[in-house]
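The values are calculated or read from the model by the stated rules, or taken from the named source; none is laboratory data. The shown structure was predicted, so the numbers you read here are calculated from the model rather than taken from an experiment. Methodologically, a virtual Cβ is constructed for each residue, glycine included, from the backbone with ideal geometry; neighbour enumeration extends over all protein chains shown.
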């Protein structure tokens, strides 16, 4: 007879830092069931993954899985990249003006 439970780990990113815990969940449990057992509440903005690979709340778990819950994004990654490029471009232009003043 097989084991009726799975051992999984939970890593939740909070504003205070990363909180890790170990859980024992019933065989056939989903990510959302494990989160409920771990008293973790999430919103649609949180990112869910298992070992860094995106998953959904209804994904079934396997023995030894590590569920990761990421904070909601503060800014769209494309917008952040655009802003960094603008800042870099502005600093290069300032540097060139300064060098040409000599």
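Here is a check on your reading of the model: is residue 10 surrounded by 10 or more Cβ atoms within 10 Å (Cβ to Cβ), touching a residue at least 12 places away in the same chain (Cβ under 8 Å) and closer than 12 Å to residue 65 by Cβ? Yes.
Suppose we keep only residues that are surrounded by fewer than 16 Cβ atoms within 10 Å (Cβ to Cβ) and at pLDDT below 90 within the range 42-70. Which one would you say is farthest from residue 17 (Cα to Cα)? The extreme case among them is 44.
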